[in-house]
């Protein structure tokens, strides 16, 4: 969207004259079309046909809920401090449990296919040796009508991205809070974007002397 909106965002630059031309009209119309076209989130329709794509990394958990090929919701969260030490198998199962828990109001009593890029989860219900954490999670899974299937990581790009971008999102939030607090204190800020994600702060000597 940032590339598509570039002709429009240029109008927001300081000193830029407002000239509406054919290029900007085209950009505006294309943006409107994208905002009302797939993959726009939709409400569940009827029952059944639910699919969950889940993934986990050492940064967080990510999942996508779909129905009949349409996206219902996205979700992600950071790992809790004690979860960082979980083995990969447990993290992948934690992502599944996370998805079922937050979307239980959609999934209770409904069939749902769960796609994960961790092949061994397909056989979780038949494994004999499970730790206490895995046993608790399996008890939760029994309340749902699920079918866990293997989905290669390269094809599971959305859930994978959600699980890995949480560190960046958290950093942006922290920097925004810092900027807001400094502005409240009356300190001038010189903010410059870096690759569209981060902001750098520079305090001039004369500001420090104040």
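The values are calculated or read from the model by the stated rules, or taken from the named source; none is laboratory data. A quick note: this is a predicted structure, and the numbers were derived from the prediction, not measured. Virtual Cβ from ideal backbone geometry, glycine too; neighbours counted across all protein chains shown.
Checking residue 58 against (1) in contact (Cβ under 8 Å) with a residue 24 or more places away in the chain; (2) assigned to a loop (DSSP other than H, G, I, E, B); (3) not assigned by TED's automatic domain parsing to the domain that holds residue 111: exactly one of these is not met. Which one?
With respect to (1) in contact (Cβ under 8 Å) with a residue 24 or more places away in the chain; (2) assigned to a loop (DSSP other than H, G, I, E, B); (3) not assigned by TED's automatic domain parsing to the domain that holds residue 111, residue 58 is out only on (3).
For residue 73, are the conditions met, namely being in contact with a strand residue (DSSP E or B) (Cβ under 7 Å, 6 or more places away or on another chain), part of a helix (DSSP H, G or I) and modelled with pLDDT of 90 or more? Before you say what the answer is, go through the steps one by one.
Values: in contact with a strand residue (DSSP E or B) (Cβ under 7 Å, 6 or more places away or on another chain): yes; part of a helix (DSSP H, G or I): no; modelled with pLDDT of 90 or more: yes.
Spelling it out, it is not the case that residue 73 is in contact with a strand residue (DSSP E or B) (Cβ under 7 Å, 6 or more places away or on another chain), part of a helix (DSSP H, G or I) and modelled with pLDDT of 90 or more.
Considering only residues that are in contact (Cβ under 8 Å) with a residue 24 or more places away in the chain and either within 24 Å of residue 73 (Cα to Cα) or not assigned by TED's automatic domain parsing to the domain that holds residue 56 (or both), look in region 120-145 and name the one that is surrounded by the most Cβ atoms within 10 Å (Cβ to Cβ).
By that ranking, first place goes to 121.
Mind checking whether some residue in region 79-92 is part of a strand (DSSP E or B) and assigned by TED's automatic domain parsing to the domain that holds residue 151? Talk me through it step by step, then tell me what you get.
Initial filter on region 79-92 (part of a strand (DSSP E or B)): none.
For region 79-92, residues part of a strand (DSSP E or B) and assigned by TED's automatic domain parsing to the domain that holds residue 151: absent.
Being touching a strand residue (DSSP E or B) at 6+ places or on another chain (Cβ under 8 Å), in contact (Cβ under 8 Å) with a residue 40 or more places away in the chain and under 30 Å from residue 84 (Cα atoms) is the requirement here; does residue 48 meet it? I'd like the intermediate steps shown before the answer.
Values: touching a strand residue (DSSP E or B) at 6+ places or on another chain (Cβ under 8 Å): yes; in contact (Cβ under 8 Å) with a residue 40 or more places away in the chain: yes; under 30 Å from residue 84 (Cα atoms): no.
So residue 48 fails the test.
Going residue by residue through region 21-38, is there one that turns out to be surrounded by 11 or more Cβ atoms within 10 Å (Cβ to Cβ), within 28 Å of residue 147 (Cβ to Cβ) and either under 19 Å from the mean Cα position of the chain (by Cα) or in the same structural domain as residue 134 (by TED's automatic domain parsing) (or both)?
Kept after step one, since they are surrounded by 11 or more Cβ atoms within 10 Å (Cβ to Cβ), are these residues of region 21-38: 23-28, 30-31, 34.
When the remaining residues are screened for being within 28 Å of residue 147 (Cβ to Cβ), the result is none.
Within region 21-38, not a single residue is surrounded by 11 or more Cβ atoms within 10 Å (Cβ to Cβ), within 28 Å of residue 147 (Cβ to Cβ) and either under 19 Å from the mean Cα position of the chain (by Cα) or in the same structural domain as residue 134 (by TED's automatic domain parsing) (or both).
Looking at region 124-142 only, could you name the residues that are in a helix (DSSP H, G or I) and either in contact with a strand residue (DSSP E or B) (Cβ under 9 Å, 6 or more places away or on another chain) or farther than 15 Å from residue 93 by Cα (or both)?
Within region 124-142, 124, 125, 141 meet the criteria.
Looking at region 98-119, which of its residues are under 21 Å from residue 60 (Cα atoms) and surrounded by 15 or more Cβ atoms within 10 Å (Cβ to Cβ)?
Pass one, region 98-119, residues under 21 Å from residue 60 (Cα atoms): 98-104, 114-119.
Scanning region 98-119 gives 98, 99, 100, 102, 103, 114, 115, 116, 117, 118.
Restricting to region 88-108, name every residue that is over 11 Å from residue 54 (Cβ atoms) and either modelled with pLDDT under 90 or touching a helix residue (DSSP H, G or I) at 6+ places or on another chain (Cβ under 8 Å) (or both).
88, 89, 90, 101, 107
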